[in-house]
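**Q** My questions will all concern the structure given below.
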Amino acid sequence: MTLDFSQLTTVQKQNYLQHAIAPRPICFASTIDLQGQVNLSPFSFFNLFSTQPPILIFSPSRRVRDNTTKHTLQNVLEVPEVVINIVDYNMVQQVSLSSCDFPKEVNEFAKAGFSAEPATSIRPPMVKESKVKLECVVREVKVLGEEGGSGNLVLCEVQVMHIDDAVLDEQGFIDQKKMHHIARLGGDWYCRVDESNLFKVEKPNVKLGIGIDALPAPIRFSAILTGNNLGQLANVCDPPTIDPAFYDDRLKNIIQYYSVSPDEMEKELHLYAKELLEHGKVDAAWQILLANN
């Protein structure tokens, strides 16, 4: 299916985009107006865009149904300060409740059952229950349009960050396994980040990977190895060579049993290499694959 966005309604665009551009982190924004009225609301159009200066951007869009603006946007235009409270699984139902369109005079801290605690450098309060809180000043609000669904990019510079000690590792950094982040998908769907769905991908830093185009043809065009497998193999800095000291019982058995059938031996070697790659054993996988050369 191919969609021409000029032929779609705003609701249709929103549906397709929010289901496709996901998961999205959630900015739980606490703001205040000139009269001291506090607002608390979640936004999933949100992310980190710079480290120096430390800039976060979230977007309280104009409402699609009636083209009105949200209290959060009104507040940051009056008082350009915001606390961005990070959402974890223990908060998600209360956070969802706070997204109701309560009248401006209603305090969402009370409605959603959160505790307000004073920030150290800005006027809006923090959400005590959040494990990570970022006190920010608003540097700019960039208006993207005047129609329902139009975004308003709130560019925030982090001044102070508060982290619950319970989510720190021994070095004093955030332990990803302890955070249990929540992210927004489309419609009513969310996802939870925990140890059951975390995995690591080794990323290139200074050295360059050899690239998939440099893989030997039998590996590159394997019917068994996936694109992810090829990406792992191609992320080495130099083309691997056979290690005479490498020994593997299963490799020995494959060679002995399938030596009379080269095609079957290649299949078995690729299946074994795939298993090793799925456990992050790239060097061993390379040795298995090179055994067929």
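**Q** Can you pull out the strands (runs of 3 or more DSSP E) entirely within region 40-108 that have at least 3 residues that are in contact (Cβ under 8 Å) with a residue 12 or more places away in the chain and more than 23 Å from Ser150 (Cβ to Cβ)?
**A** Hits in region 40-108: 81-86.
**Q** If Gly209 satisfies all but one of (1) at pLDDT below 95; (2) under 30 Å from Gln93 (Cα atoms), what's the number of the condition it fails?
**A** (2) is the only condition that Gly209 fails.
**Q** With the requirement that a residue be small (Gly, Ala, Ser), assigned to a helix (DSSP H, G or I) and either open to solvent by less than 20 Å² (accessible area, probe 1.4 Å) or over 13 Å from Ser41 (Cα atoms) (or both), what does region 109-146 give you?
**A** Correct list: Ala112 only.
**Q** Give me a count of the residues in region 143-190 that are in contact with a strand residue (DSSP E or B) (Cβ under 6 Å, 6 or more places away or on another chain) and free of Cβ contacts under 8 Å to residues at least 12 places away in the same chain.
**A** Qualifying residue count for the region: 1.
**Q** In addition: Counting only residues that are surrounded by 14 or more Cβ atoms within 10 Å (Cβ to Cβ) and touching a helix residue (DSSP H, G or I) at 6+ places or on another chain (Cβ under 7 Å), how many does region 194-217 have?
**A** Selection size over region 194-217: 2.
**Q** Can you confirm whether Ser30 is more than 15 Å from Leu153 (Cα to Cα) and touching an Asp or Glu at 6+ places or on another chain (Cβ under 7 Å)?
**A** So Ser30 fails the test.
**Q** Then there is this: Phe5 passes all but one of (1) over 18 Å from Cys136 (Cβ atoms); (2) in contact (Cβ under 8 Å) with a residue 12 or more places away in the chain; (3) among the hydrophobic types (A, V, I, L, M, F, W, C); which number fails?
**A** (2)
**Q** Report, by residue number, each residue of region 244-264 that is closer than 15 Å to Gln287 by Cα, touching a helix residue (DSSP H, G or I) at 6+ places or on another chain (Cβ under 7 Å) and open to solvent by 70 Å² or more (accessible area, probe 1.4 Å).
**A** Passing the criteria: only Arg250.
The values are calculated or read from the model by the stated rules, or taken from the named source; none is laboratory data. Predicted, not measured: the structure shown is a model, and the values here were computed from it. Quick reminder, even Gly has a Cβ in these numbers, built from the backbone with ideal geometry, and neighbours come from all protein chains shown. Quick note on the areas: whole protein, heavy atoms, side chains included, nothing else; ligands and nucleic acids left out. Shrake-Rupley method; radii C 1.70, N 1.55, O 1.52, S 1.80 Å.
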